[in-house]
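Report on the following structure.
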Amino acid sequence: IGLSLFETVSGYINNLQIIANYTSTSVLTENALFAGLAIANGAEGNITDVTIRGMTSDVAVYNGTERQTVATYAGLVGFNNGRILRGSVAGDIVVSDENTSGVQNIFVGGIAYTSLGNIESATLRGHISLDLQNSGGGQHQVAGIAITSMGMLTIEDNFTSQSASVTVGGVAGNSHIVYLAGIAVYARGSVRYPSTLPELISATEITYLHS
């Protein structure tokens, strides 16, 4: 399933500020995607000056069995095949999933989950956190801009270093693999950034707490 303001952007969206809240429910599915603006930005889509001011979710994604589930969260779009210009994460993105059974895989991208198009002049000025209660283990990835970037990605001069954190509760000893990245977990396209970025990234607070 997918939850967002729009399913697909195929034209222009300009000058928009978003606060997205997904709360107080359980979703029975094996795959779920939550995005602040759209599930996908199509090849002809142009998103300009759109800011995510905050995003919270305490939805529990489960499938009613011990099989694994996948839950994906993106500040603006799940999949970007077009252009995002001056997309910004200006508020906190807080994901708390209280599913306690089975293997769970969760991905959180500040602007996008996967980008095959261009993300230009991106800024990040918020904290991204993921809080889990899962006891079955899984793989979890958190990135300031995108989990995967295969196109062009440029970082604006006012990109600021903020903290990313993952807290895993449940039963100690189960296998949880965690990837945390200031920009992208996996980038195969071009990445352009200001000369000050290495110092900013090196100062980023990244924590993983297993209680």
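The values are calculated or read from the model by the stated rules, or taken from the named source; none is laboratory data. Note that the structure is a prediction, hence the values are computed from the model and not measured. Please note: Cβ atoms are built from the backbone with ideal geometry, for glycine as well, and neighbour counts cover all protein chains shown. Areas reflect the complete protein model, heavy atoms only, side chains present, ligands, DNA and RNA absent. Shrake-Rupley method; radii C 1.70, N 1.55, O 1.52, S 1.80 Å.
For region 102-112, give me each residue that is closer than 21 Å to THR167 by Cβ and part of a strand (DSSP E or B). It would help to see each step written out before you state the result.
Restricting attention to region 102-112, the residues satisfying the condition of being closer than 21 Å to THR167 by Cβ are 102-110.
Scanning region 102-112 gives GLN104, ASN105, ILE106, PHE107, VAL108, GLY109.
Would you mention how many residues in region 88-100 are of a type in the set (D, E, K, R), open to solvent by less than 30 Å² (accessible area, probe 1.4 Å) and either in contact with a Pro (Cβ under 6 Å, 6 or more places away or on another chain) or not in a strand (DSSP E or B) (or both)? Full working, then the answer.
Just the residues of region 88-100 that are of a type in the set (D, E, K, R), to begin with: 92, 97-98.
In the following step, the residues that additionally are open to solvent by less than 30 Å² (accessible area, probe 1.4 Å) were identified as 97.
Subset that is either in contact with a Pro (Cβ under 6 Å, 6 or more places away or on another chain) or not in a strand (DSSP E or B) (or both): none.
Total meeting the criteria: 0.
Of the residues in region 11-23, how many are surrounded by 16 or more Cβ atoms within 10 Å (Cβ to Cβ) and more than 17 Å from the chain's Cα centre (by Cα)? Let's see the steps before the verdict.
Going through region 11-23, the residues surrounded by 16 or more Cβ atoms within 10 Å (Cβ to Cβ) turn out to be 13, 18, 20, 22.
Subsequent filtering for residues that are more than 17 Å from the chain's Cα centre (by Cα) retains 13.
The qualifying residues number 1.
Residue-by-condition table, conditions (1) open to solvent by less than 10 Å² (accessible area, probe 1.4 Å); (2) touching a strand residue (DSSP E or B) at 6+ places or on another chain (Cβ under 9 Å); (3) farther than 16 Å from THR48 by Cα; (4) small (Gly, Ala, Ser):
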{"position": "GLY102", "(1), (2), (3), (4)": "yes, yes, yes, yes"}
{"position": "TYR113", "(1), (2), (3), (4)": "no, yes, yes, no"}
{"position": "LEU132", "(1), (2), (3), (4)": "yes, yes, yes, no"}
{"position": "GLN141", "(1), (2), (3), (4)": "no, yes, yes, no"}
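Give region 24-50 a look and list any residue that's modelled with pLDDT under 95 and open to solvent by 80 Å² or more (accessible area, probe 1.4 Å), or say none.
Hits for region 24-50 are SER24, LEU28, ASN31.
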